[in-house]
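Participant: Following this message is one structure expressed as structure tokens.
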Amino acid sequence: MMRKIVSTAIVALGMTGLVVAADVTAPEDVKVENLAISASLTGAPGNAEEGKNVFSNRKLGNCLACHANSDMADQLFHGEVGPSLDGAGTRWQPEVLRTIVVNAKEVFSDETVMPGFYSLDVGEDVRKDLIGKTILTAQQVEDLVAYLSTLK
Amino acid sequence: MNYSRIALIALGATLTASLIAAPVDEKLVIDGELEMTTVAPSPEGHPLPEVRSGWHYRTETTRALEADSFENPGMLGVEQGEELWNTVEGTAGKSCASCHQDAAETMAGLGAVYPKWHEASGKPINIELQINACRVNNMGAEAYKFDKGGQKPLTAYIKHQSLGEPVKVSLEEGDMQAWWERGKELYYKRTGQLNLSCASCHEKNNGKYIRADHLSQGNVNGFPTYRLKQGNLISLHNRFRGCIRDTRAEYPAAFSDDLMALEVYTTWRGQGLSVETPAVRQ
């Protein structure tokens with residue numbers, strides 16, 4: 001009996017895993033054309049409200065470390081390593097914002113200090129538990145793209 | 001749609017608009033009498049136009065703490081170091097003072113020329129490792145483990161005997177040049193999931209804020225430094241490891257060849273600055 005429950009659980013887990021994998025574009029399959037990634041990485045639009053959290057959360061995007069953003073005037077200490085993101089949604093098409101977040105090198109240059117948030121093109125000696133992992137998930141990238149598009 | 005045109009125009013506009021918070025232009029004078037060199041001309045081949053101490057990038061309160069040796073909390077560590085200097089330890093029944101007498105004389109200027117070539121080991125040696133060598137070979141005592149025992153205070157005490165002296169690393173001795181090259185490679189090596197090198201922060205972006213931190217040139221002339229955040233003396237290799245860890249990378253062991261090479265190279269990058277030990281940092 002016990003055994004049966006366990007094996008059912010594993011089958012169920014395997015199935016949901018498959019469903020997710022079918023819709024989400026893996027980092028190595030992302031295609032950049034003309035600076036743009038044309039389709040959503042999850043197949044669905046992101047949630048701007050969630051994206052706002054990904055932007056400011058130090059454990060997630062931590063974008064404020066390097067960018068100022070007037071929409072977050074209530075937060076202390078905005079970085080200045082990168083440009084202010086005020087108006088980013090006017091300056092950039094969502095398809096290019098997606099590329100900037102996925103791997104900024106594709107839009108700027110190999111020299112950019114902006115990390116690739118959904119890329120396996122990373123530095124050397126990556127912390128062991130992070131090998132093969134991206135900083136953000138496809139969903140978090142889409143949420144960010146939705147949020148950045150609201151910065152007019 | 002021509003994305004690249006929009007991209008370039010947008011970038012140009014935002015970059016010129018972004019502000020650069022320059023480091024303050026002031027003089028560091030310790031106790032109103034010892035004038036420190038906190039800006040120096042770059043040694044030949046240095047990528048930056050001038051060399052600047054991290055002191056310039058700290059807040060007014062933090063800068064003031066360093067300028068007054070009674071207020072400087074790092075001086076407590078220096079006093080502990082003085083006690084250790086005079087403490088007998090090990091099977092030979094000796095203290096550092098038994099052989100080196102008054103540190104104010106015998107150690108004067110010494111901290112400014114480390115790391116230096118060490119013929120016996122065929123590697124560069126820093127103050128921490130020289131202390132351990134004397135403890136093991138001359139005192140019959142155990143080597144201090146990294147950051148443990150008296151390692152930080154005794155190092156601070158010895159370096160403090162060179163307060164105000166210009167940092168100078170001698171690359172002509174032994175294989176120092178090769179260690180410098182290795183250190184340089186590491187300095188520009190991008191590491192970790194965040195894919196950043198020392199240069200990404202301390203060369204390209206010094207003078208700018210990364211969140212609440214005002215990025216300096218990452219000079220090493222104040223180590224061990226007193227960090228207000230930790231409320232403690234912080235060793236150089238601890239700082240190196242912390243900076244590498246923050247790129248989400250595995251970091252080398254203290255005193256490993258990699259970190260010794262990085263110490264040789266970063267010391268050279270700050271050549272000409274006064275030894276500030278114990279510097280006060282945030």
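Participant: Could you tell me how far the Cα centroid of region A:80-152 sits from the Cα centroid of region A:21-69, in Å?
Facilitator: One Cα centre to the other: 7 Å.
Participant: Given axes a ≥ b ≥ c from the Cα gyration tensor, I'd like to know whether the protein assembly as shown is rounded (a/c under 1.5), prolate (a/b larger than b/c) or oblate.
Facilitator: prolate
Participant: Another question about this same structure. In terms of solvent-accessible area of protein heavy atoms at a 1.4 angstrom probe, what is the ranking of A:Val54, A:Val30, highest value first?
Facilitator: Output order, biggest surface exposure first: A:Val30, A:Val54.
Participant: Suppose each label sits 7 Å from its Cα in the direction of the beta carbon; what would the B:Leu48-A:Arg58 distance come out to in nanometres?
Facilitator: 2.4
Participant: Work out the count of Lys pairs in chain A where the Cα-Cα distance is under 30 Å, with the pair 8 or more places apart or on different chains.
Facilitator: Taking chain A as the scope, the lysine pair count is 17.
Participant: Nearest 10 degrees, 0 to 90: what angle lies between the long axis of helix B:151-160 and the longest principal axis of chain B (Cα atoms)?
Facilitator: 80
Participant: Quick check: from the Cα gyration tensor, does region B:41-177 come out rounded (a/c under 1.5), prolate or oblate?
Facilitator: oblate
Participant: Right, something else. Go ahead and estimate [θ] at 222 nm for the protein assembly as shown from helices alone: -39,500 (n - 2.57) per DSSP H run with n ≥ 4, summed, over the residue count, rounded to 500.
Facilitator: -10500 deg cm²/dmol
Participant: Here is a follow-up. Could you derive backbone 3J(HN,Hα) for region B:238-247 from the dihedral phi with the Karplus parameters 6.51, -1.76 and 1.60 (θ = phi - 60°), listing whole Hz in sequence and x where the residue is Gly or Pro?
Facilitator: 5, 4, 3, 5, x, 5, 5, 4, 5, 8
Participant: Based on the alpha-carbon gyration tensor of region B:202-259 and its eigenvalue square roots a ≥ b ≥ c, which shape applies: rounded if a/c is under 1.5, prolate if not and a/b is larger than b/c, or oblate?
Facilitator: It comes out oblate by the Cα gyration axes.
Participant: Could you let me know the centre-to-centre spacing of region B:213-231 and region B:120-170, using Cα atoms, in angstrom?
Facilitator: Using only Cα atoms to place each centre, the spacing works out to 19 Å.
Participant: Right, next: Of the peptides B:215-226, B:134-145, how do they stack up when ordered by the mean number of other Cβ atoms within 10 Å, highest first?
Facilitator: B:215-226, B:134-145
Participant: Compute the FRET efficiency between A:Ala48 and B:Lys168 as 1/(1 + (r/R0)^6), taking r as their Cβ-Cβ distance and R0 = 45 Å, and round to the nearest 0.05.
Facilitator: Result of the calculation: an efficiency of 0.20.
Participant: Could I ask something else about it? Kyte-Doolittle mean at least -0.5 and Cα extent at least 27 Å along the axis: which DSSP H helices of chain A qualify?
Facilitator: A:2-23
Participant: Take each of the peptides A:92-99, B:54-61, average the number of other beta-carbon atoms within 10 Å over its residues, and list them starting from the highest.
Facilitator: A:92-99, B:54-61
Participant: Order of B:263-269, B:192-198 by packing, highest average Cβ count within 10 Å first?
Facilitator: B:263-269, B:192-198
Participant: Could I ask something else about it? Taking every residue in A:124-133, how many Cβ atoms of other protein chains lie within 10 Å of its Cβ, on average?
Facilitator: 5
Participant: At a probe of 1.4 Å, how much accessible area disappears from chains A and B on forming the pair, both sides counted, to the nearest 100 Å²?
Facilitator: 3300
Participant: Shifting gears a bit: Kindly express, to the nearest 10 degrees and within the range 0 to 90, the angle between helix B:75-85's C-alpha long axis and the longest C-alpha principal axis of chain B.
Facilitator: Roughly 30 degrees, rounded to the nearest 10.
Participant: Tell me the angle of helix B:176-188 to the major Cα principal axis of chain B, expressed in degrees between 0 and 90 and rounded to the nearest ten.
Facilitator: It is inclined by approximately 40 degrees.
Participant: Kindly report, to the nearest 10 Å², the accessible surface of B:Asp68 as traced by a 1.4 Å probe over protein heavy atoms only.
Facilitator: Answer for B:Asp68: close to 50 Å² accessible.
Participant: What is the gain in length, in nm to one decimal, between A:Glu28 and A:Thr150 on full extension, counting 0.36 nm per residue of separation less the C-alpha to C-alpha distance?
Facilitator: 41.1 nm
Participant: Average partner chain C-beta neighbours within 10 Å, per residue of A:75-87?
Facilitator: Counting Cβ atoms of other protein chains within 10 Å of each residue's Cβ and averaging gives 5.
Participant: Related question: According to a simple spin-label model (label point 7 Å from Cα along Cα-to-Cβ), what is the distance in nm between B:Thr87 and B:Asp257?
Facilitator: With each label point 7 Å from Cα toward Cβ, the separation is 3.5 nm.
Participant: At 1.4 Å probe size, with the rest of the protein present, what percent of the exposed accessible area of the protein assembly as shown is carbon and sulfur atoms?
Facilitator: About 55 percent, which is the carbon plus sulfur part of the accessible surface.
Participant: What is the magnitude of the charge dipole of the protein assembly as shown about its Cα centre, with +1 placed on the Cβ of each Lys and Arg, -1 on the Cβ of each Asp and Glu, and no other charges, expressed in debye to the nearest 20?
Facilitator: In debye, rounded to 20, the protein assembly as shown gives about 1260.
Participant: Anyone know which of B:Lys116, B:Lys189, B:Lys168 comes out most mobile in the 10 Å Cα GNM of chain B?
Facilitator: Largest GNM mean-square fluctuation: B:Lys189.
Participant: What average count of beta carbons from other chains do you get within 10 Å of the Cβ of residues in A:102-115?
Facilitator: Going residue by residue through A:102-115 and averaging, the value is 3.
Participant: Taking the solvent-accessible surface of protein heavy atoms with a 1.4 Å probe, what is the per residue accessible area of the protein assembly as shown in Å²?
Facilitator: About 49 Å² of surface per residue is accessible.
Participant: Once ligands and nucleic acids are excluded and a 1.4 Å probe is used, how much of B:Ser200 is accessible, expressed in Å² to the nearest 10?
Facilitator: 10
The values are calculated or read from the model by the stated rules, or taken from the named source; none is laboratory data. This structure is a prediction, so every number in the text was calculated from the model and none was measured. Methodologically, a virtual Cβ is constructed for each residue, glycine included, from the backbone with ideal geometry; neighbour enumeration extends over all protein chains shown. Keep in mind that these areas ignore ligands, DNA and RNA; they rest on the heavy atoms of the full protein, side chains included. Shrake-Rupley method; radii C 1.70, N 1.55, O 1.52, S 1.80 Å.
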